[in-house]
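The values are calculated or read from the model by the stated rules, or taken from the named source; none is laboratory data. Just so it is clear, the model here is predicted, and its values are computed rather than measured. A quick note on method: Cβ atoms are made from the backbone with ideal geometry, for glycine too, and the neighbour counts reach across all protein chains shown.
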Amino acid sequence: MGIIDKIRGEFIDIIEWQDTTRDTIVWRFPRYNNEIKMGAQLTVRESQVAVFINKGKIADIFTPGMYTLQTDNLPVLSTLSGWKYGFDSPFKADVCFVSTRQFTDLKWGTRNPITVEDKRFGFIELRAFGTYAFSVADAGLFIRKIAATNEQFSTDGITGQLRSLIVTKLTDAIGEGNIPVEKFAASIEELSGIARERLSPDFRAYGLALDRFLIENISMPDELKKEIFEYSRLEKIDMEKLARMKSAKSIEKAAENPGGVAGAGVGMGVGIGMGNMMGNMFGSQMNGAPAMPPPLPPATETSFYIAVGGKQTGPFPIEQLIPLVEQRKLTRETLVWKQGMAQWNKAGKISDLGILFSTTPPPLPGE
């Protein structure tokens, strides 16, 4: 090799990146100690950006295309290097290729449960997972903020940081979505859109675009699921019919156990009632008159006063107490009073109110 060939070998005259990977975001052209020849050919392929860096500062950026490097297409580098009157000699600069293609099917998930607050069920713990996709929107910003001086930077170098960001913002998104917890499963798409909107500014701060964000599943503890199912059934139950059904079942159960004191009393009451009914029927038939039921007694409505925050409120008919129980404003420990009671007593000890609490989920632990 002659001296001319040796000198030529020290100058770089072709700059390109033939990316064969699926996860490389930034690749630094291996210049080593060689200098770039003025007039060198730069090839930037589709889904790539070439960034020239001079002494740690972002200089010129090239989008897809083929370029012959001259001072007229290196304006920033010419200024930084002080090429006032043109330049035709080899020069030194770091060249970083940045992939702008979309990086897809990236996984995210909550390692630990996230805690959110629901108006009815209080603080609850949820787990979630899904996928997302991003691309580099600002190559210079991404190098400054993330890639720095790395020779090669892949998705593994940032996905951990992005996952942490996703979990934090997802918690806020769920809280601000105002979606009832029992409707999460049917609102996955809506929650995904809210989360993406919340996350996009933080991705842009890194020079990235959040192209897609999907929540695939949100799970919750089994005991909370059971409570939600009971609550949903309660909303569809006719409370008056439920009370009648429970009373009928309790009488039926007591009648099946005549050996007990309570059973004997109930059985006796049922027997006496049936005896009177049959006696009236036969008596009416013997007198030749059709059996007619007695007139209905005048309706009386039982109302209760309840103590809320140390103050007396009410009176409330029993049907108006149902929403107060659902809102946890009336519990078994709440003091109540109705006409005929000698003093205030806890609601859980009043037999007339037992039906309200038997069909309502118990309070969450810690309340």
Review point. For residue 350, are the conditions met, namely being modelled with pLDDT of 80 or more, within 31 Å of the chain's Cα centre (by Cα) and within 23 Å of residue 248 (Cα to Cα)?
Key: no
The lone condition residue 77 fails out of (1) at pLDDT below 90; (2) among the aliphatic types (A, V, I, L, M); (3) assigned by TED's automatic domain parsing to the domain that holds residue 168 is (3)
How many residues of the stretch 83-116 are in contact with a Lys or Arg (Cβ under 6 Å, 6 or more places away or on another chain) and buried (at least 20 other Cβ atoms within 10 Å of the Cβ)? The answer is 2
For the stretch 138-164, the count of residues that are farther than 23 Å from residue 94 by Cα and buried (at least 16 other Cβ atoms within 10 Å of the Cβ) equals 3
Per the list (1) under 21 Å from residue 135 (Cα atoms); (2) surrounded by 18 or more Cβ atoms within 10 Å (Cβ to Cβ), residue check on residue 63 breaks on (2)
Per the filter on the stretch 170-200, residues modelled with pLDDT under 85, surrounded by 14 or more Cβ atoms within 10 Å (Cβ to Cβ) and aliphatic (A, V, I, L, M) are 173, 174, 179, 181
Note on the stretch 3-40: residues loosely packed, with under 14 Cβ neighbours inside 10 Å, at pLDDT 90 or above and under 15 Å from residue 94 (Cα atoms) are 14
Expected single match for closer than 25 Å to residue 49 by Cα and free of Cβ contacts under 8 Å to residues at least 60 places away in the same chain among 88, 138 is 88
With the first residue restricted to the stretch 205-220 and required to be under 12 Å from residue 193 (Cβ atoms) and touching a residue at least 12 places away in the same chain (Cβ under 8 Å), and the second required to be of a type in the set (Lys, Arg) and buried (at least 16 other Cβ atoms within 10 Å of the Cβ), Cβ contacts under 8 Å at 6 or more apart or on different chains are 210/196; 212/196; 213/196
When the stretch 201-223 is checked residue by residue, the ones that are surrounded by fewer than 16 Cβ atoms within 10 Å (Cβ to Cβ), of a type outside the set (Lys, Arg) and in a helix (DSSP H, G or I) are 201, 202, 222, 223
If we take the stretch 9-81, then strands (runs of 3 or more DSSP E) inside it with 1 or more residues that are among the charged types (D, E, K, R) and without any contact (Cβ under 8 Å) to a residue 24 or more places away in the chain are 57-62
One residue is enough: does the stretch 134-153 have a residue meeting the conditions under 29 Å from the mean Cα position of the chain (by Cα) and farther than 15 Å from residue 204 by Cα? no
Selection over the stretch 141-158 where residues are in a loop (DSSP other than H, G, I, E, B) and either of a type in the set (S, T, N, Q) or touching a residue at least 60 places away in the same chain (Cβ under 8 Å) (or both) yields a count of 4
Given (1) part of a strand (DSSP E or B); (2) over 30 Å from residue 329 (Cβ atoms); (3) touching a residue at least 40 places away in the same chain (Cβ under 8 Å), residue 117 misses just (2)
